[in-house]
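Report on the structure given below.
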Amino acid sequence: MDWEPLIVSYLFGFVLLNVLLLAMAYMTWLERRLVAFFQDRIGPNRTGPFGLLQPIADAVKLISKEDIVPANADRLVFLVAPLLSFVLAPLGALVVPFGDAVTVFGRQVNLYVIDINVAALYFLAVGSMGVYGIILGGYASGNRYSLLGALRSTAQVISYELVLGLSLVGIFILTGSLSLVDILRVQQRTLVLGGLELPNWFLLSQPLAFVLFLIAAVAETNRAPFDLPEAETELIAGYFTEYSGFRFSFYFLAEYINMIVVSLIAATLFLGGIDGPFVDGVWWLAVKAFIFLFFYVWLRATLPRFRYDQLMGLAWKVLLPLALINIGVTGLVRLWGIGAL
Amino acid sequence: MAIEVLIFYLLAGVAIAAAAGVVLARNPVHSAVSLVLSFVNVAAIYVMLRAEFLAVAQVIVYTGAIIVLVLFVLMLVQQQDLPEFHGGRPLRRAVGFLLGLVLLAEVAAAILTRSLRGAPGSWPPEAVAAVGGNIQAIGRELYSVYMLPIQATALLLLAATVGALFLARPELIEERLAVARRLFTISLAHPRGVDPLQPVAELPGPHDNERKPAGGDRVLVMARNAEEFTEQPAWGEIRR
Amino acid sequence: MSDEQQAPVPALRPREPWQTGYWGPTNPDEHPAVIAVRQRFAEAFEEAVTFRDEMTIRVKREALREVVAFLRDHPELRYNHLTDLTAVDMLNLRDEPRFDVVVQLYSIPRRQRLRVKCGVNDGETVPSLVPLFAGANWLERECYDMFGIVFEGHPDLRRILLPDDWDEGHPLRKEYPLRGYRDYVQPGFERPAPRVRGSLPRPRP
Amino acid sequence: MIDFTQPTPVLLSEERQITETRRELVLNMGPQHPSTHGVLRVRLTLEGEMVVACDPVIGYLHRGVEKLGESHRYAQIVPWTDRTDYVAAPSNNLGYVLAVEKLCGIEAPERAQYWRMIMAELARIASHLVWLGTHALDIGALSVSLYTFRDRELILDIFEKFCGARLTTNMMEIGGFSRQIPPALPEMVRDFCRYLPKAIREYEDLLTENPIWLARTKGVGIVEPEIAISYSLTGACLRGSGVNYDVRKAMPYLLYDRIDFAVPLGTHGDVYDRYLVRVEEMRQSIRIIEQCLDQVPADGPLMAYESNYVIPPHERVMTTAEDMQRHFIWVIKGFSPPKGEVYHAVEHSKGELGYYIVSDGSPIPYRMRIRSPDFVNLQSLPYMAQGAMLADVVALIGTIDIVLGSVDR
């Protein structure tokens, strides 16, 4: 058996996980600073230059806090649920292509952990598993607010996952593949419209799907204005009301890593991933993912929160029909042969 | 090769243990979680068999949707309302055991006949590779040979959905809401509950105050002095 | 605003600062509400007094609800807004009856206030105004909580500001001490703090 | 005689007992909950997320201000009124002070009345800013609260400049103001009046046409006008339902009859209308303040002094024997208003704030009753919450605009 690719993949996965954790830490810092700017405040700036050491201070604080288990909690499930959430969060990043193969110490190293032929579906599957951390945590807390948060989260994730998946079908039809590497290759081509040379990004050929994906992704990661499961003014942080210390931090980590992973996937699927002017590379992916993350923060600072029934109505009455229309139109275009973009 | 076998046994062992946990757990939520664990392990075995699409579909559909819905229902129902898990009459338990055995025998028969005969099926690895991969193979097979069953299944699911909607009966919720409005709201003293015949204040009539557009297609009436109360309007179309 | 530039016209101020006319005529014999109530409830009407321009009608407590309903539904009086409902413990001012239940009414269309009072002794009940005004609900509950006046016909008469299991009586009664009846054990203090005015014991060093 | 050793009689109605036997999720919201604006507790009975029954429980901040009022001299009660509605403390001062002045039959000088109006309107704006920020925060709009609190600081700065305190101002006294107006104050207020309309436009950009905000507020918590009157609602809760009742217009106190302003009335009686009404009220308050600044005399007395009820000014105490005696009596014993009872109401930012004072001729009020607007308004919450969702309850608590210090007193 050839062990080398396996070890290289593991090493790359290890590096990726650490990069994600670091990015997550600074995502919290960035979010607090950005929201502060939106709100005419300063934000954390006392710990280190520009408050850059704030995430570390937060982490130390969270780890050193008491780990409280409520008396009427379902103890085993309560202890495991945040771990489940945290473990599943970075798995989606495994299929993101961070670039072409490079040569390190004379060896071909692919800048992705794995390239499976169902990568996009794999991402959806991991996302759908991620809800277990929330629902079990909310159930096990033995708190009615947590339970309501868990129920909301369940209904929300199921509804929006449908939209999320269906919004990608147009891309699958155009590329004929579910592999993110293949999708990236297709986007690296050039689209010629008349005299205009444009990158063949799916943002241009699937704009409706892009909008749908964006909305559904915000809902999928439980961020404002779809942060109903953890609506602090209604449900007092919802499913993690009873969590404290490092178990709380696992939920926190999971939420931010989910955001980053979704941003990476969105950048890869719709914005051409590592494709960009001048030289292709992972920096373009980082820039695009940052745009999405900025968008997340912007939404949070601006919009009020939906009500639960409005949220479900939006998913089932607006987004789902639009996604189906998008699939139909894309399929027809592809069928009549003008879709060989 | 040995390492793959080892992994397979690991996955299979966890799957079986989890499946046993489904039956043995006292708490229905624990049962559901065990089922999830079992499904995930089975999905991993699918991956080892190079059926990635099947594995992912298993995770998305079964663990991602169905078991989540099961959990949803379990949480809505109070624990003490659930039927006794390990109870039941002896006859029912015996029948259940027999049915389980029959099911096991059927699956075993299917597997054994297929593997004993050594028939590889209509899609050998070369044929799968020829069409581009197992996803493409499944797609072709589903939408050519099995077109009619697919449509029939879709129709069946649609009918089931409509039936579920009918059973849940939204108008019943409306009815109950109406009852709740009449009875169960603790605004015990509001006039409709106490004195329905006597309106407390007469509705204001038409008016000629300045109206100021205020956004959201609403207008605000700008009352200049208090004498205009009786001519005050402001209201009328929207009734509860 | 169209007439934003319009010069404001100073209104004529009444001679005395309190004479605003918001309570109707100061002479009880000219006040329409007094005339109407006196006519309609001859035996329940007790007196009508004016102080600082404010008209107060005193009625018998059994007739309180009928009088207020009459004032509310009378087409020319239309006291349709129950501004306030409270009580006064008259322990130090007179012998009988113990409490005054004070109902402040306001007529939004006519822009006129009126005060209706009825006396009630301890142990007697006052007809509740909840069937007339939904807003009387909490006001009567507060009145019950603070004075122990029971409103007959109130749908949900229980304590509102004090805890449901408060067993020290009703604090706005005049005989209720400012610091309550019971000694209050404070942690860190040698003996319980007295519930009377005076210096508190100092904590031990 | 009621036997206090027995538990409080709880007269449960038949309907309530039916509710108790139904199997629904009973959710205890508060008293420690981020969006109950203090220590309000709401006992919600939910069916799914739908509210079947809603029972507000108050009293967690009850400090017995009315009882305290019966053991303090008239002038000593003014600071207690600050503590009832601490978000708009000058309005509370004003209500009490005007009631006592009516009881004594005195009137503050014109200049003091104008400044009282200015301070009361500033307090109204401050209160509405706090309301807008917290209401928007309840519905999920995070940033608006920061903006409104930023702008409220300007008002608090004005208060601080005027009387040295920011929150519990204790700025008004019986008879007028004993402090002088700082020379820089009018310009400070004018600057604020120039600034605030821009800020209000900013809030409205974020909320008024926002589809999510519209979806969350339109058609939620509808109160019909006759119901609103029956529930004794006042303030924006009543005017949002289209009933024209504003104490400033209906029974002008101070010099509101010299000011040109309009009272906004809603047309649908829902949360959105009450939001629009309050935002418009802030604009009208600015108009009132500007007109007051134009009309207020530049100098003149701030304190009425030709009476037995007001502390004499310092220079007269030092020069005339008669005033020295009066000063001595005022400080040692307090003043004794005539026997009688008065009810005086002012338009507080939350509704009609009335003080009912019974005097027995002693220097201590015999009974001081505070008719606080949010206590009365809050009891319409169960009515508004009929058939609402859990998230709507939060919006409804916000739209009633309660301050628990004022509800519980």
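Quickly run through the range B:51-71 and pick out the residues that are open to solvent by less than 40 Å² (accessible area, probe 1.4 Å) and in contact (Cβ under 8 Å) with a residue 40 or more places away in the chain.
B:Ala51, B:Glu52, B:Leu71, listed by residue number.
How many residues are out of contact with any Ser or Thr (no Cβ under 8 Å at 6 or more places or on another chain) and under 16 Å from D:Ala391 (Cα atoms) if we restrict to the range A:138-154?
6
What's the number of the only condition in (1) open to solvent by 40 Å² or more (accessible area, probe 1.4 Å); (2) among the acidic types (Asp, Glu); (3) in contact (Cβ under 8 Å) with a residue 40 or more places away in the chain that C:Glu54 fails to meet?
The number of the failed condition is (1).
Mind listing whichever residues of the range A:72-89 are in contact with a Lys or Arg (Cβ under 9 Å, 6 or more places away or on another chain), more than 12 Å from chain B (Cβ to nearest Cβ) and open to solvent by less than 20 Å² (accessible area, probe 1.4 Å)? I'd like the intermediate steps shown before the answer.
Initially, the range A:72-89 is screened for residues in contact with a Lys or Arg (Cβ under 9 Å, 6 or more places away or on another chain), giving A:78-79, A:81-83.
Remaining after also requiring more than 12 Å from chain B (Cβ to nearest Cβ): A:79, A:82-83.
Listed by number, the list holds a single entry, A:Pro82.
Considering only residues that are over 25 Å from D:Asn92 (Cβ atoms) and acidic (Asp, Glu), look in the range D:32-78 and name the one that is most open to solvent (accessible area, probe 1.4 Å).
D:Glu47
What are the residues in the range C:140-160 that are over 18 Å from D:Pro56 (Cβ atoms), within 14 Å of chain B (Cβ to nearest Cβ) and part of a loop (DSSP other than H, G, I, E, B), if any?
C:Gly153
Name the helices (runs of 4 or more DSSP H) wholly within the range A:228-323 that hold at least 1 residues that are under 20 Å from the mean Cα position of the chain (by Cα) and more than 24 Å from D:Leu142 (Cβ to Cβ)?
Values: elements: A:232-235, A:245-270, A:282-302, A:308-313.
Passing ranges, in order: A:245-270, A:282-302.
Can we say D:Leu185 is in contact (Cβ under 8 Å) with a residue 40 or more places away in the chain and either surrounded by 23 or more Cβ atoms within 10 Å (Cβ to Cβ) or hydrophobic (A, V, I, L, M, F, W, C) (or both)?
On the way: in contact (Cβ under 8 Å) with a residue 40 or more places away in the chain: no; either surrounded by 23 or more Cβ atoms within 10 Å (Cβ to Cβ) or hydrophobic (A, V, I, L, M, F, W, C) (or both): yes.
So D:Leu185 fails the test.
So if I check each of A:Leu271, A:Leu311, A:Leu324, which one is within 18 Å of A:Ser167 (Cβ to Cβ) and surrounded by fewer than 19 Cβ atoms within 10 Å (Cβ to Cβ)?
So the residue among A:Leu271, A:Leu311, A:Leu324 that is within 18 Å of A:Ser167 (Cβ to Cβ) and surrounded by fewer than 19 Cβ atoms within 10 Å (Cβ to Cβ) is A:Leu324.
Within the range D:79-88, is even one residue outside any loop (DSSP other than H, G, I, E, B), more than 23 Å from D:Phe375 (Cβ to Cβ), away from chain C (no Cβ under 14 Å) and open to solvent by 30 Å² or more (accessible area, probe 1.4 Å)?
Restricting attention to the range D:79-88, the residues satisfying the condition of being outside any loop (DSSP other than H, G, I, E, B) are D:79-82, D:86-88.
Going one step further and asking which of them are more than 23 Å from D:Phe375 (Cβ to Cβ), we end up with none.
There is no residue in the range D:79-88 that is outside any loop (DSSP other than H, G, I, E, B), more than 23 Å from D:Phe375 (Cβ to Cβ), away from chain C (no Cβ under 14 Å) and open to solvent by 30 Å² or more (accessible area, probe 1.4 Å).
Would you mind telling me which numbered condition in (1) buried (at least 20 other Cβ atoms within 10 Å of the Cβ); (2) not in a helix (DSSP H, G or I) D:Ile200 fails?
The number of the failed condition is (2).
Of the residues D:Ile364, D:Ile370, only one is under 30 Å from D:Ala99 (Cβ atoms) and either assigned to a loop (DSSP other than H, G, I, E, B) or at the interface with another protein chain (Cβ under 7 Å from one of its Cβ atoms) (or both); which? If you could, list the steps in order and put the result at the bottom.
Details: D:Ile370 fails: either assigned to a loop (DSSP other than H, G, I, E, B) or at the interface with another protein chain (Cβ under 7 Å from one of its Cβ atoms) (or both).
Only one candidate passes the filter, namely D:Ile364.
Considering each residue of the range D:252-278, count those that are facing chain B (nearest Cβ under 10 Å) and more than 13 Å from B:Lys212 (Cα to Cα), and give that number.
Going residue by residue through the range D:252-278, those that are facing chain B (nearest Cβ under 10 Å) are D:252, D:257, D:260-270, D:272-273, D:275-277.
Applying the additional criterion that residues be more than 13 Å from B:Lys212 (Cα to Cα) yields D:252, D:257, D:260-261, D:268-270, D:272, D:275.
Total satisfying the criteria: 9.
Of A:Ile135, A:Ile158, A:Ile173, which residue is in contact with a Ser or Thr (Cβ under 6 Å, 6 or more places away or on another chain) and either facing chain B (nearest Cβ under 7 Å) or acidic (Asp, Glu) (or both)? Quick ask: steps written out before the conclusion?
Numbers: A:Ile158 fails: in contact with a Ser or Thr (Cβ under 6 Å, 6 or more places away or on another chain); A:Ile173 fails: either facing chain B (nearest Cβ under 7 Å) or acidic (Asp, Glu) (or both).
On inspection, the qualifying residue turns out to be A:Ile135.
Test C:Pro8 against the criterion of being modelled with pLDDT under 85 and either surrounded by fewer than 16 Cβ atoms within 10 Å (Cβ to Cβ) or within 17 Å of the chain's Cα centre (by Cα) (or both), and give yes or no. Steps first, please.
Details: modelled with pLDDT under 85: yes; either surrounded by fewer than 16 Cβ atoms within 10 Å (Cβ to Cβ) or within 17 Å of the chain's Cα centre (by Cα) (or both): yes.
Spelling it out, C:Pro8 is indeed modelled with pLDDT under 85 and either surrounded by fewer than 16 Cβ atoms within 10 Å (Cβ to Cβ) or within 17 Å of the chain's Cα centre (by Cα) (or both).
Of the numbered conditions (1) more than 9 Å from chain B (Cβ to nearest Cβ); (2) surrounded by fewer than 23 Cβ atoms within 10 Å (Cβ to Cβ), D:Leu238 satisfies every one except a single condition; which is it?
With (1) more than 9 Å from chain B (Cβ to nearest Cβ); (2) surrounded by fewer than 23 Cβ atoms within 10 Å (Cβ to Cβ) applied to D:Leu238, the lone miss is (2).
Conditions tested, residue by residue: (1) within 23 Å of the chain's Cα centre (by Cα); (2) open to solvent by 50 Å² or more (accessible area, probe 1.4 Å); (3) among the charged types (D, E, K, R).
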| position | (1), (2), (3) |
| --- | --- |
| D:His135 | yes, no, no |
| D:Arg150 | yes, yes, yes |
| D:Glu153 | yes, yes, yes |
| D:Leu156 | yes, no, no |
| D:Met171 | yes, no, no |
| D:Ile174 | yes, no, no |
| D:Phe177 | yes, no, no |
| D:Arg194 | no, yes, yes |
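Given (1) away from chain D (no Cβ under 13 Å); (2) within 20 Å of D:Glu352 (Cβ to Cβ), where does C:Val59 come up short, assuming only one miss?
(2)
Residues checked against (1) more than 23 Å from C:Gln39 (Cα to Cα); (2) open to solvent by less than 10 Å² (accessible area, probe 1.4 Å):
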residue: C:Phe70; (1), (2): no, no
residue: C:Asp73; (1), (2): no, no
residue: C:His81; (1), (2): no, yes
residue: C:Ala87; (1), (2): yes, yes
residue: C:Arg94; (1), (2): yes, no
residue: C:Gln112; (1), (2): no, no
residue: C:Lys117; (1), (2): no, no
residue: C:Glu124; (1), (2): yes, no
residue: C:Val130; (1), (2): yes, yes
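Looking at D:Ala388, D:Ala395, can you tell me which residue is closer than 23 Å to A:Phe306 by Cβ, at pLDDT below 85, in the same structural domain as D:Ala236 (by TED's automatic domain parsing) and of a type in the set (A, V, I, L, M)? Reasoning before the result, please.
Numbers: D:Ala395 fails: at pLDDT below 85.
Only one candidate passes the filter, namely D:Ala388.
Return only the number of the condition from (1) open to solvent by less than 10 Å² (accessible area, probe 1.4 Å); (2) over 12 Å from D:Ile174 (Cα atoms); (3) charged (D, E, K, R) that D:Arg111 does not satisfy.
So D:Arg111 meets the others, but not (1).
Go through the range D:207-217 residue by residue and tally those that are facing chain B (nearest Cβ under 7 Å) and in contact (Cβ under 8 Å) with a residue 12 or more places away in the chain.
Within the range D:207-217, residues that are facing chain B (nearest Cβ under 7 Å) and in contact (Cβ under 8 Å) with a residue 12 or more places away in the chain number 2.
So, in the range A:212-227, of the ones that are in a helix (DSSP H, G or I) and of a type outside the set (A, V, I, L, M), which residue ends up modelled with the highest pLDDT? I'd like the intermediate steps shown before the answer.
Here is the first cut: in the range A:212-227, the residues in a helix (DSSP H, G or I) are A:212-220.
So of that shortlist, the ones also of a type outside the set (A, V, I, L, M) come out as A:213, A:220.
Working: A:Phe213: 89, A:Glu220: 81.
Step by step, filter the range A:212-227, then rank; the result is A:Phe213.
Got at least one residue in the range D:310-324 being under 30 Å from D:Ser241 (Cα atoms), open to solvent by less than 40 Å² (accessible area, probe 1.4 Å), of a type in the set (Val, Ile, Thr) and within 14 Å of chain C (Cβ to nearest Cβ)? Even if it seems obvious, please write down each step before you answer.
Step one: list which residues in the range D:310-324 are under 30 Å from D:Ser241 (Cα atoms), which gives none.
No; the residues of the range D:310-324 include none that is under 30 Å from D:Ser241 (Cα atoms), open to solvent by less than 40 Å² (accessible area, probe 1.4 Å), of a type in the set (Val, Ile, Thr) and within 14 Å of chain C (Cβ to nearest Cβ).
The values are calculated or read from the model by the stated rules, or taken from the named source; none is laboratory data. Keep in mind it's a predicted model, so treat the numbers as computed, not measured. In this analysis, Cβ positions are derived from the backbone assuming ideal geometry, glycine residues included, and neighbour counts consider all displayed protein chains. Quick note on the areas: whole protein, heavy atoms, side chains included, nothing else; ligands and nucleic acids left out. Shrake-Rupley method; radii C 1.70, N 1.55, O 1.52, S 1.80 Å.
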